[in-house]
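These notes concern the structure reproduced below.
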Amino acid sequence: MICIFVDEVTPKAGGDFFALSNRNFAEKVNSLKLEPSLKNVVIIDDEGGDDTLDAPIHPVDNKPVRNNVSKAKSKAIDKMKSRMLLEDDSSPLDVVDVSKLYTEKSDEDKTLIAEAIRASVMFQNITDAQREMIFGVMEPFKVKKGDWVIRQGTVGDRFYIVDSGSFEVRIVPEGQEDKRKDGGNVVHVYHGSRTSHAHPSFGELALMYSAPRAASIIAQTNGQLWALHGSAFRKVLAEQTERKELCKVLRKVDAFKPTTKDDIKDLATHMEEGTYNRGDTIIQKGQVGDTFFIICQGGHCEQKKSSGETVSLKSDQWFGEEVLVNGAAVYTSTIVATSTTTCWKLDKSHLPKLRRRSSGNVA
C-alpha cells in the first residue's frame, strides 16, 4: 500500500492553489481525526474533482488507490517548479552552501536513490545531469531508535528517502495537544530495506517552499536516511540552465575541442563555483596549478601577461587553460578580480575520466 500525506497550502494572492504530496513530508493532513492504525488509509480521487489538485486522505473503505499522476497534475507541478525558480525567495533555505553537501555515492547508492525518486512527481522530467547532481547532494543520515526525524508543526527543509530501518508516522489531530509527548497517533510505519528493495520517501514539498510539518516521523529502529535539502534541489534546477550555457563556452575552448558532446556535458557537471573579492589574485604567473576557470555572469578580471600587457576579462571568458594541455604545470599569467567575481572552476583531475574521441592535447 502506498500512503501519501497531503499538505494544506495557503494560496498566494492571484496564484494557483496546490495541496500537493509532501513538502517535507508532513505538512498538514486534512482536518481528519485519523484512526491509530494507518493500514486502511489510502489516497483516492475526488469524484469529479480537479486532478491538478492533490486528493485528500481518506480513511478506509474500498476506494481505489491512485497509482499514476495525471498529465494535468504533472504539467501543474512543472509550472510550479518554474515559478519557484523565478520568484525571489529570501528563505534561509537559499543560503545553504550546496558544495558542502556533495559526497561521492556508490553505484548501489545511486540505484537506490534513483528507484526511490522515480515515483515522485517532483522528479519527473529532470535530466540525466540533474539526476547526477541530485545524487551528489543527497546527505546520508544515520538515526537511532527513538530519534525524531520530523516534528509536527515545525518548518522543515528536507525530503527524505528511507535506506534502512522502520519509522513511525504520528499525527496529533487538529485542535488537540500532544499531552503524551509522543507525537500523537501512529498512522503509518515506513519500512526500508536493501534486501527487500523497499525505500519509501517523504517530505517532497520541502523541495519547493517552507511550510509546517503535518506529522512527526520517529525512528522505531536504528536506520539510515538519505536527505535532499530544498535549497539544493532548487539550485540543481536553476544550475542546469546555467550549465547549458557553460557547455556552449566549453566548446569554444581549444583544449576541449577533441571531446564529444557528452564529454562536454560531463565537464560542465563537474565544474564548481568559486567567488573572489575585488583585488583577489585568482592565479599567479609561475604558480603550479591544476584548475581551469570561466568567469560567470557579471564578473570582471584583469589579466597580466608575460609581456607586461594588461587585458580586461569579463563573463564567459576563461583562463588557466595552459595547465590542461601538454602536461603543463604552471600558469603563464596573473589574473586579478577587479570586482566581486564568481568563476566556474574545473579541476584537472576530472580530465582522465573523459571518453575522448581522440587523444587530443588534453593532459
- What percentages, rounded to whole numbers, describe P(r) for the stretch 169-256 computed over all alpha carbon pairs with 5 Å bin width beginning at zero? 3, 10, 14, 14, 14, 12, 9, 7, 6, 4, 3, 2, 1, 0
- Which entries of K235/K305; K100/K244; K142/K261; K105/K261; K257/K304; K110/K248 show an alpha-carbon separation above 32 angstrom in the structure shown? K235/K305; K142/K261
- Relative to a virtual label point 7 Å from the Cα of D128 in the Cα→beta-carbon direction, which members of the stretch 249-280 show backbone nitrogen distances below 15 Å? 260-270
- So how much slack lies between T281 and S99, counting 0.36 nm per residue of separation and subtracting their Cα-Cα distance, in nm? 63.3 nm
- Which of the peptides 218-226, 312-320, 156-164 is most tightly packed, and how do the rest follow, judged by the mean count of other Cβ atoms within 10 Å per residue? 156-164, 218-226, 312-320
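Quick note: the coordinates plus some simple rules give every number you see, no bench work behind them. It should be emphasised that the depicted structure is a prediction, and the values quoted were computed from it without experimental measurement. Glycine gets a Cβ as well: all are built from the backbone with ideal geometry, and neighbour counts include every protein chain shown.
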